[in-house]
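A.B. asks: Take a look at this one; I'll ask things after.
The values are calculated or read from the model by the stated rules, or taken from the named source; none is laboratory data. All values reported here derive from a predicted model rather than from experimental measurement. Note: ideal-geometry Cβ built from the backbone for every residue, glycine included; neighbour counts use all protein chains shown.
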Amino acid sequence: MLNVQLETEGKAIVGQRILMFDPATKRLTNFLIPKKFDPSFRPVGLSFSPDGTALYITSIAKFEVRKQMPNGTPLSAPTPWAYDHTGVLWKITRLNNTS
């Protein structure tokens, strides 16, 4: 198991932040935290663009835990149920300050 330390500047809602890991120091630092709760921001994956100028973050957006199918048929266990067309792809780029 990897032993890491998280540097925090405040509290974030669980599942609502992106962390950056430095393998040299084994430290995690906050990279992206929304200023307030946003139900459309539930990050589940990220990738950099091939040229390294953008970070793409995918989020699952709206879902709920269900005990039955929409037609009323019981499910064997509580199941996460995602809503169609509610996922989001975020593109994060650096602002260029040329002043």
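A.B. asks: Among the residues of segment 2-52 satisfying the criterion of being at pLDDT below 75 and on the phi > 0 side of the Ramachandran plot, which is surrounded by the most Cβ atoms within 10 Å (Cβ to Cβ)?
C.D. replies: Gly15
A.B. asks: On to the next question. Does Leu55 satisfy the criteria of being touching a residue at least 60 places away in the same chain (Cβ under 8 Å) and either under 14 Å from Thr93 (Cβ atoms) or within 12 Å of the chain's Cα centre (by Cα) (or both)? Let's see the steps before the verdict.
C.D. replies: On the way: touching a residue at least 60 places away in the same chain (Cβ under 8 Å): no; either under 14 Å from Thr93 (Cβ atoms) or within 12 Å of the chain's Cα centre (by Cα) (or both): yes.
So Leu55 fails the test.
A.B. asks: Separate question: Condition test on Lys62, is it within 16 Å of Gly15 (Cβ to Cβ) and in contact (Cβ under 8 Å) with a residue 12 or more places away in the chain?
C.D. replies: On the way: within 16 Å of Gly15 (Cβ to Cβ): yes; in contact (Cβ under 8 Å) with a residue 12 or more places away in the chain: yes.
Taking the combined requirement at face value, the residue satisfies it.
A.B. asks: If you go through segment 57-99, how many residues are in contact with a Ser or Thr (Cβ under 6 Å, 6 or more places away or on another chain) and surrounded by 10 or more Cβ atoms within 10 Å (Cβ to Cβ)? Working first, answer last.
C.D. replies: Quick first cut of segment 57-99, residues in contact with a Ser or Thr (Cβ under 6 Å, 6 or more places away or on another chain) only: 61-62, 66, 88-89.
If we keep only those that are surrounded by 10 or more Cβ atoms within 10 Å (Cβ to Cβ) as well, we get 61-62, 66, 88.
Of the residues in that region, 4 qualify.
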